Amino acid sequence: MAERIDGKAISLQIKDELKKQLEEIRAQGGKRCLAVILVGEDPASKVYVGNKKKACEYIGIESRSYELPAETSQEELLALIDKLNKDSEVDGILVQLPLPAGLDERQVIRAIAPEKDVDGFHPVNVGSLLIGEPGYVSCTPAGVIQLLKRSGIEIAGKECVVVGRSNIVGKPMAALLLRENGTVTVCHSRTKNLAEVCRRADILVVAVGKPRMIDASYIKEGAVVIDVGIHRMENGKLCGDVDFDAVEPHCSAITPVPGGVGPMTIAMLMNNCVNRVTE
């Protein structure tokens, strides 16, 4: 039976470490402050923002919330970001994505000062990751690395396959696995013989955005499978990009959905808030 990698437990471990770290920072007269901007009424975004606030409260990070109407203009949003960039009390700025139609996400991401970009989406931070310079790392891929390390799973020298090439998960995931000395293949919609490529993987990370797409035919016996996807099905239940029941018997370790990668994303956001790149 495969080991189920418990993202809830590992994320709590990280948050407890950060809580202790922040207590030491406070003892020296310091603090941390995260500004979160939510535009519009997207229900999922509201849930994510609420979870981030709870995590801030747990660790001891000051949380400032800016909830703007969906009709907010690009100029108004950029003006708020500029104000927060200049506010020395604010350590991190997060704009919850996706933004309502009519707002330019790329421009918004670039408007956040790289040293306050705790999501790790700014081109400066992405470039820093690729060349090994200090910078914020995208939270979900960083969380996957922590799941592997804290579960005692060796990355160095392993065949690592990433399914998906998004800027938020796939590309930074590949860069992080490479940084950990994995041998990395990135697959996408144009990859030929996808199942065959996936079957080479000692570590398979799936971030493709299609419910239960990856079945047992994609899995090498004894592989570690990390499922980044999350989908709500018609029956109200959550599932990932991996068909968990079909794949689990063939793995040495696997992340469940929910309770795998999801909690790690917020834990690593908190890590970015506490451990500023300027220090």
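The values are calculated or read from the model by the stated rules, or taken from the named source; none is laboratory data. In this text the structure is predicted, and so the values were computed from the model without any measurement. Note that each Cβ is placed from the backbone with ideal geometry, even for glycine, and that neighbours are counted across all protein chains shown.
Odds and ends about this structure:
- Taken over the stretch 157-214, residues that are of a type in the set (S, T, N, Q) and under 18 Å from the mean Cα position of the chain (by Cα) amount to 2.
- Near pairs, Cβ below 7 angstrom, 6+ apart or cross-chain, from the stretch 240-256 (in contact (Cβ under 8 Å) with a residue 60 or more places away in the chain) to any residue that is among the hydroxyl-bearing types (Ser, Thr, Tyr): Ala253/Ser151
- Restricting attention to the stretch 27-55, the residues that are within 21 Å of Gly120 (Cβ to Cβ) and in a loop (DSSP other than H, G, I, E, B) add up to 1.
- Leading residue by the ranking (nearest to His122 (Cα to Cα)) among those in the stretch 171-223 that are crowded, with 22+ Cβ neighbours inside 10 Å and of a type outside the set (A, V, I, L, M, F, W, C): Pro172
- Residue match in the stretch 248-257 (condition: closer than 20 Å to Ile168 by Cα, out of contact with any His (no Cβ under 6 Å at 6 or more places or on another chain) and crowded, with 24+ Cβ neighbours inside 10 Å): yes
- Qualifying residue in the stretch 99-106 (condition: within 25 Å of Ile25 (Cβ to Cβ), touching a residue at least 40 places away in the same chain (Cβ under 8 Å) and in contact with a strand residue (DSSP E or B) (Cβ under 8 Å, 6 or more places away or on another chain)): no
- Condition met for Val39 (more than 30 Å from Lys158 (Cβ to Cβ), among the aliphatic types (A, V, I, L, M) and in contact (Cβ under 8 Å) with a residue 40 or more places away in the chain): yes
- Unique residue being in a helix (DSSP H, G or I), surrounded by fewer than 18 Cβ atoms within 10 Å (Cβ to Cβ) and more than 19 Å from the chain's Cα centre (by Cα) when the list is Glu17, Glu67, Glu24: Glu24
- Checked against the criterion of being modelled with pLDDT of 95 or more and farther than 21 Å from Gly143 by Cα, the candidates Tyr66, Tyr58 yield just one match: Tyr66.
- For the stretch 149-170, filtering for residues that are surrounded by fewer than 19 Cβ atoms within 10 Å (Cβ to Cβ), charged (D, E, K, R), touching a residue at least 40 places away in the same chain (Cβ under 8 Å) and part of a loop (DSSP other than H, G, I, E, B) leaves 0.
- Number of the condition not met by Pro263 [criteria: (1) part of a loop (DSSP other than H, G, I, E, B); (2) surrounded by fewer than 24 Cβ atoms within 10 Å (Cβ to Cβ); (3) under 19 Å from the mean Cα position of the chain (by Cα)]: (1)
- Of all residues in the stretch 77-121, those satisfying the criterion of being within 17 Å of the chain's Cα centre (by Cα) and β-branched (Val, Ile, Thr) are Ile93, Val95, Ile109, Val118.
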